[in-house]
1. Taking segment 77-89 on its own, how many of its residues are surrounded by fewer than 15 Cβ atoms within 10 Å (Cβ to Cβ) and modelled with pLDDT of 90 or more?
2. Test Ala258 against the stated conditions and say whether it is in a strand (DSSP E or B), hydrophobic (A, V, I, L, M, F, W, C) and touching a Phe, Trp or Tyr at 6+ places or on another chain (Cβ under 6 Å).
3. Report whether or not Val119 is surrounded by 18 or more Cβ atoms within 10 Å (Cβ to Cβ) and modelled with pLDDT of 95 or more.
4. Restricting to segment 31-72, what's the tally of residues that are assigned to a loop (DSSP other than H, G, I, E, B), at pLDDT 90 or above and not polar (S, T, N, Q)?
5. Could you please find all residues in segment 274-300 being small (Gly, Ala, Ser) and either outside any loop (DSSP other than H, G, I, E, B) or buried (at least 21 other Cβ atoms within 10 Å of the Cβ) (or both)?
6. Restrict the check to segment 343-352 and report whether at least one residue is among the charged types (D, E, K, R), at pLDDT below 95, part of a strand (DSSP E or B) and touching a Leu at 6+ places or on another chain (Cβ under 9 Å).
7. Among the numbered criteria (1) part of a strand (DSSP E or B); (2) modelled with pLDDT under 90; (3) of a type in the set (D, E, K, R), which one does Asp398 miss?
8. Would you please list the contacts, defined by Cβ atoms under 9 Å and residues six or more apart or on different chains, that run from a residue in segment 100-122 that is more than 20 Å from Asn175 (Cβ to Cβ) to a residue that is surrounded by fewer than 20 Cβ atoms within 10 Å (Cβ to Cβ) and aromatic (Phe, Trp, Tyr)?
Amino acid sequence: MIQQVRTDALENVYVMGRMANTGSVDLDPGPNSATLSWDFGGLPGSGYFIAKYDSTGLFLWGYRADAARSIAVSPSGELVICAYLDPYVPWDADPGSGVHPLDGPGTGVVRWTTDGTFVSAIVLEGASSIHCLTNNTGDVFLAGQYMGAFDADPGPDTTLLMSNGFFDLWVARLNAADELVWAVSIGNEGMEYACDLVRAGTDLLVSMRTVGPNPMEQFDVDPGPGTAMTTFNQNQGAVALRLDQDGQYVQHASFDWAVDWWAPLLGMLPDGGIALAGSYAGQAGFDTGDTVFTVLSSGSDAFIQRMAGSGWSPSWADLFSPQYGNEVIYAMSPFKDGAILVCGMFTHAFDADPGPGTDTYAPSASSGAAWIGSYCYTDGSHIWSAMMNDADRDVLYDLCWSPADALLLGGGLSTGADIGLAGGSYLIATTASSSAMVARYRSVDTQCVTVPTDIPEGQAFAPRIRVLDGRLVVDGIAPGGTLRVLGSLGQLVVEQRYMGQGTSIPMEGWPTGVYVVEVMGAQRVVRRICTTH
């Protein structure tokens, strides 16, 4: 399966993939063969590979890279690999005829040229990093976690970082000569894990999840002389942090989210704000600016949260199928116009439209199906979505945009799938038990559709749902539909027919919490989230 996909200024495509257990993979989709094989002697194992293709999908090169955990590509095509170094098995970082073994435990930072030739490698002992970035001057930015004492300087000098608890977050910058420019550490008495690392102009955006002591102790996320405290209300949470190119604190936001280990993902928006996405398993609180509500997941539930403007003000939150559970977002990448694209997988019936209308999918197997969706950054409304699924588990792990605005997707398919997305059908198939998939799309709809507030008679079915003076008020509807209200765990609270163009229901006695309101018309179902206080 493909776990990361990247591109350069010439529209070339770079992928990092994983081979699960003993087997082989042919990296050349054309008439030739470029087969890599792994043999773990009947024991569980996994191997990794890195490959490069041109913009038409023509295979250029590919090599085994079993210690690789993430890649970064400069505009010119220079490749940086972040490697997890095993303390027992050295990894040869040179894919060519040379030999350059790296020993662990720790993180390896390896550089290859645009044609896959080894350039250099360093080892940072005792820390892990699966997030890296690079730029056109050769700088490398790293984010990961460590425990105890850790020397972040790969050279002869020492820059000692000390964790406050079990695991702390660390962020570092190396120059083109792999010399340390700066390194910082952030954490409390619990455990902090790096989740994402993206560019914000010349600044860095870092996200982390934290599992703290119970009760939670707030901690300082400013690595400099200042103080910037978290504001958690529970002992599991997440932080979005902005640092400048010198590692100095700029701003942050705290979130009461019991997120899964890869979340939250981060992305910059055109107004200077950020989008966050991922999945949570447990309790999470979402702030929409005028309302703060708390939900309890029914498995792993997907979400998107917008923080608007340069001040990161709470704006809106999209929550997906809270009555079903087990849908996740593995990757997010806002387009330059602000449309937020996410991808991942789900295992149960799943509505990809969190707002007006419905776009429901059901996987053909309990092991799961891949999905992708596009959402308007101004209000979170659904633009389009699609499913990829065949006989077994299918998943989309990564997406990114090319300089020419092409969309790149990477993941894994079972026996095949329709990968045409929201456009025309495009079927692919394989005779293998599973396959890696990378695809490029030249034209992607990112245009937001504005729904009018006042709906003239005979126009689109777009009800308004809100809470006023202790009553659930619904209007802008056509007579003869059905109204249902579900609790946060999917239990039925109210179900009734309505005969007019509006209705209201007293909410007196309803427990404080989140409710899903479903308005079912003749051809559409509209779902909204409402809260009681």
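1. Initial filter on segment 77-89 (surrounded by fewer than 15 Cβ atoms within 10 Å (Cβ to Cβ)): 87-89.
Subset that is modelled with pLDDT of 90 or more: none.
Number satisfying all stated conditions: 0.
2. Working: in a strand (DSSP E or B): yes; hydrophobic (A, V, I, L, M, F, W, C): yes; touching a Phe, Trp or Tyr at 6+ places or on another chain (Cβ under 6 Å): yes.
So Ala258 passes the test.
3. Numbers: surrounded by 18 or more Cβ atoms within 10 Å (Cβ to Cβ): no; modelled with pLDDT of 95 or more: yes.
No; evaluated as a whole, the condition is false for this residue.
4. If we filter segment 31-72 for residues that are assigned to a loop (DSSP other than H, G, I, E, B), which is where we start, we get 31-34, 39-45, 54-58, 65-67.
The next check asks that each one be at pLDDT 90 or above; those that pass are 31-34, 54-58, 65-67.
Within this subset, residues satisfying the condition of being not polar (S, T, N, Q) are 31, 34, 54, 57-58, 65-67.
Counting residues in segment 31-72 that are assigned to a loop (DSSP other than H, G, I, E, B), at pLDDT 90 or above and not polar (S, T, N, Q) gives 8.
5. Filtering segment 274-300 for residues small (Gly, Ala, Ser) gives 275, 277-279, 281-282, 284-285, 289, 297-300.
Those that are small (Gly, Ala, Ser) and either outside any loop (DSSP other than H, G, I, E, B) or buried (at least 21 other Cβ atoms within 10 Å of the Cβ) (or both): Ala275, Ala277, Gly278, Ser279, Ala281, Gly282, Ala284, Gly285, Ser297, Ser300.
6. Initial filter on segment 343-352 (among the charged types (D, E, K, R)): 351.
Cutting the leftovers down to at pLDDT below 95 gives us 351.
Checking the rest, the ones that are also part of a strand (DSSP E or B) come to 351.
Okay, now just the ones that are also touching a Leu at 6+ places or on another chain (Cβ under 9 Å), so none.
No, that holds for no residue.
7. The failed condition is (2).
8. Hits for this filter: His100/Phe118; Gly104/Tyr88; Asp115/Trp61; Gly116/Trp61; Gly116/Tyr63.
The values are calculated or read from the model by the stated rules, or taken from the named source; none is laboratory data. Predicted model only: the values in this text are computed from it and were never measured. Neighbour counts run over all protein chains shown; Cβ positions are idealised from the backbone, glycine included.
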